[in-house]
Amino acid sequence: MTSPSTNITLSEFCEVNYKGSDSYDGLEKVIYAVATGAQELEREIRNGNLLGMLGSTGNVNVQGEIVQHLDALSSDTFVKQLKDSTRVAMVGCEEIEHPVTFGDSEQHNYIVLMDPLDGSSNIDVAVSIGSIFGIWKRKNSKPLNPESLLRPGVEQIAAAYVVYGSCTVLVVATKGTVNEFTMNPADGNFYLTSANITYPNKTPYYSVNDGNTAKWVNGIVQAVDDLREGRSQRYIGSLVADFHRNLLKGGVFLYTADTKNTVGRLRLMYEANPLGYVSVQAGGAVSDGVMDILDIQPFELHQRVPLIIGDKRLVNQIIKTIKNS
Ligand code: AHG
Ligand code: MN
Ligand code: MN
């Protein structure tokens, strides 16, 4: 459910809610960095085909996946913006093998984990893509090292994502509140369009790649059969866009482990954790089928995880079916 839209800008919202507050000291600068990066990328994405920005770079990333031009550009864009924010100590990024350290002064008090371009397979075909960010407060008492960002999702202080879709939206969550801002193409600014978002009561949608059916264990086959009853399947293939639709309209997304993706396909630190945080703040849930994903102690920046995310009743229904199978 959402409340009516307003003409409050993202800057005004951040000034009121974060600036000068003890809990969110400097968070506005991190959010502006995300918003500025999204503005830059939005232009590239809209002109992608015309500027020759589509297609692959010919390189393979740390996940063994082919790197698209926009994967590389988005990574560079957000790394620069987050560095320039002067508030981010360290970044972990899907496209970069090791964490990148920006600085360890007292004001470098945030750690950001990001998937700069989610939905790479949709870049070349004019379908929604996005960017995902998990934001942790740095532990100032400890010196920075590559393990500094291996923190459970429950310790996030904020999370944000962008969907470059039929319009471009930025969603920002902090404890207990999820807010959506929409970019006005005329001035490039983000305006608050939905405040205090919570999942609706109805659950018309479920999102799953059912091309994987033959690789699922029986419990998942049964859980998806149950979801089919009275619901429509919607699967974009960009997690962030599927998640956003299910958040606003009601539903659940699952990408569980299977015989090919034995530990799941999606990434814990910069896909499951940030979106899981948003889901929980909106009254939903996130699980790997056994435990709350936000409680997982990570061991590796790029580790994968089975993901069930969305409406709380549906997430619990799926967990129950897996347990009883
Ligand atoms: P990315 O583009 O960051 O690598 O992420 C792609 C992910 C996710 O967005 C999507 O839900 C999933 O891959 C789709 O996987 P399948 O093509 O196997 O369905
Ligand atoms: Mn992704
Ligand atoms: Mn990506």
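The values are calculated or read from the model by the stated rules, or taken from the named source; none is laboratory data. From a predicted model like this one, the values you see are computed outputs, not experimental measurements. Ideal geometry is used to build each Cβ from the backbone, glycine not excepted, and the neighbour counts take in all protein chains shown. Ligands, DNA and RNA are stripped out before the accessible areas are found, and what is left, the full protein with its side chains, is counted by its heavy atoms. Shrake-Rupley method; radii C 1.70, N 1.55, O 1.52, S 1.80 Å.
Side notes on the structure shown:
- Beta bridges from DSSP with both residues in region 205-323: antiparallel share about 60 percent, rounded to the nearest 5.
- Translational diffusion coefficient of region 10-194 (Stokes-Einstein, Kirkwood radius from Cα pairs, 37 °C, 0.692 mPa s): 195 µm²/s.
- Per residue solvent-accessible surface (Å²) - region 168-325, probe of 1.4 Å: 40
- Taken over the alpha carbons of region 205-323 as equal point scatterers, the Debye sum produces base-10 log I(q)/I(0) values at 0.21, 0.23 Å⁻¹ of -1.22, -1.50.
- Relative intensity, log₁₀ I(q)/I(0), of the chain from a Debye sum that treats every alpha carbon as a point, q = 0.13 Å⁻¹: -0.93
- Alpha-carbon centroids, region 21-44 and region 88-123: separation in whole Å: 13
- Normalised by the number of residues in the chain, the average gap of Cα pairs under 8 Å and 6 or more apart makes the relative contact order 17 percent.
- The modelled label-to-label distance between residue 8 and residue 233, using points 7 Å beyond Cα along the C-beta direction, is 4.0 nm.
- Of all beta bridges that DSSP places with both ends in region 50-120, some 45 percent have antiparallel geometry.
- Within region 272-293, backbone nitrogen closer than 20 Å to the virtual label 7 Å beyond the Cα of residue 175 toward Cβ: 273-286, 293
- Mean Kyte hydropathy of -0.5 or more with a Cα span along the axis of at least 27 Å, helices from DSSP in the chain: 27-46
- Taking label points 7 Å from Cα along the Cα-to-Cβ direction, residue 202 and residue 187 give a separation of 3.5 nm.
- Full-stretch length increase - residue 291, residue 98 - with 0.36 nm per residue and alpha-carbon distance subtracted: 66.8 nm
- Percent RCO, i.e. relative contact order, over region 1-159, from Cα pairs under 8 Å lying at least 6 residues apart: 16
- Surface share of carbon and sulfur [accessible, 1.4 angstrom probe, percent] for region 205-323: 50
- In loop segments of region 270-302 as defined by DSSP, the chymotrypsin sites (Phe, Trp or Tyr not before Pro) with at most 10 further C-beta atoms inside 10 Å of their C-beta are 299.
- Residue-normalised accessible area of region 2-115, given per residue in Å² at a 1.4 Å probe: 47
- Residue-averaged [θ]222 nm for the chain, counting only DSSP H segments that reach four residues, each worth -39500 (n - 2.57): -8500 deg cm²/dmol
- In this structure, the residue pairs whose Cα-Cα separation is over 26 Å, taken from 215/320; 139/175; 80/249; 83/137; 29/175, are 80/249.
- Fully extended contour minus Cα-Cα distance, from residue 147 to residue 76, at 0.36 nm per residue: 23.3 nm
- Every pair of different Cα atoms in region 157-253 enters the Kirkwood calculation, which places the hydrodynamic radius at 15.0 Å.
- Nonpolar atom fraction for region 64-190, defined as the carbon and sulfur part of the 1.4 Å probe accessible area, stands at 52 percent.
- What separates the Cα centres of region 53-67 and region 142-181 is a distance of 25 Å.
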